[in-house]
Amino acid sequence: MENVVLYEVTGNIAVITINRPERRNAISLAVREQLREAFIRFEADATLRVAILTGSGDKAFCAGMDLKEAAELKLQKTPPLPVLGNNIKVSKPVIAAVNGHTYAAGWLLAQMCDLCIASDNALFGITEAKVGRGFAWAVPLLEMLPQRIVVELLMTGRVIDAKRACEIGFVNYVVPAAELMDKALELAREIAANAPLTVMAVKELVQISREMGQSAALKYARQMFDEKVYLSEDAIEGPKAFKEKRPPVWKGR
């Protein structure tokens, strides 16, 4: 099978790259399978703390489903895309480094990540309404963005630039295209330097808060931090390192 998803490791960070620049990194059947394999590999590697998801070239992060392949194969319902927090579990943080066009399922890939950094030439759009497709995956957007912003995006299929995406809260930072990966790696290293159990608890906290009412989420969060963070070896190492004026040595346990 053609290698359409690249997997590289730099220190304790994995960089996962959709590698179809000639097709604006559109999602083919092979991309779906290889993305799944890449995320499973990242989750299983205890030495890795953060992943960055990006696309090859400077034209597109991901232009959505490969409509040419879909037409040739007469696909009506495609195999599921690996969606973090939905049909694939990744407990560690993932950063989207968005370069260029980010449409339809490409938006979903950016949406499912914990953080998003965009190049100043990035464009975002949920364009399914223009081609008669659907976007059941857009439900979490109602927790991320104001309702009327979501309705406008879905009904019009309008494309917005990185500045607007940042204004509405979908993007964390907008940087010059040449600085995109440097900024993503800088943020990844900053996160990776922190206690991994606490960082993973943040991700779980966000997920359960979306699915529970406030009282139930608070109760769950207290129990989660008690069991997974406060009673860990790292909870002792952090204050000890602070007292000894040295960087902590995290064990993730």
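Between Glu22 and Glu204, the simple label model (points 7 Å from Cα in the Cβ direction) yields a spacing of 4.5 nm. Residues of the range 111-147 with an amide N closer than 18 Å to a point placed 7 Å from the Cα of Arg189 along the Cα-to-Cβ direction: 117.
Between Gly55 and Ile18, Asn99, the built amide H atoms are under 5 Å apart, and every one of these is 5 or more places off in sequence or on another chain. FRET efficiency for the Leu231 to Lys251 pair, using the beta carbon distance and R₀ = 22 Å, is estimated at 0.95.
Using the Cα coordinates of the chain, the gyration tensor eigenvalues translate into equivalent-ellipsoid semi-axes of 32, 21, 18 Å, sorted from longest to shortest.
Among the lysines of the range 5-192, pairs that are 8 or more positions apart or on different chains and have alpha carbons within less than 22 Å of each other number 10. Counting only GluC sites (Glu not before Pro) that sit in a DSSP loop (anything but H, G, I, E, B) with at most 13 other Cβ atoms within 10 Å, what is the longest stretch of the chain containing none of them? Formally, the longest exposed-site-free interval is 3-243.
Using the Cβ-Cβ distance between Leu154 and Glu211 with R0 = 30 Å, the FRET efficiency computed as 1/(1 + (r/R0)^6) comes to roughly 0.90. Taking Cα centre as origin and charging only the Cβ of basic (Lys, Arg, +1) and acidic (Asp, Glu, -1) residues, the dipole magnitude of the chain rounds to 340 debye.
The modelled label-to-label distance for the pair Ala177/Leu29, using points 7 Å beyond Cα in the direction of Cβ, is 3.3 nm.
Taking the DSSP bridge list for the chain and keeping only pairs wholly inside it, about 30 percent are antiparallel. Using R₀ = 41 Å, calculate the FRET efficiency as 1/(1 + (r/R₀)^6) where r is the Cβ-Cβ separation of Leu6 and Ile168; round to 0.05. According to the calculation, E is roughly 0.85.
A cut-off of 5 Å between modelled amide H atoms, ignoring neighbours fewer than 5 places along the same chain, links Val50 with Ala14. Distances between placed amide hydrogens fall under 5 Å for Ser28 paired with Asp66, all partners being 5 or more residues away or on another chain. DSSP beta bridges confined to the range 9-142 are antiparallel in about 10 percent of cases. Ordered by the count of other Cβ atoms within 10 Å of each Cβ, fewest first, Lys92, Lys245, Lys251 give Lys245, Lys251, Lys92.
Rule-based calculations on the coordinates, nothing more; no lab input. Worth saying up front: this structure is predicted, and the values here are computed from it rather than measured. Please note: Cβ atoms are built from the backbone with ideal geometry, for glycine as well, and neighbour counts cover all protein chains shown.
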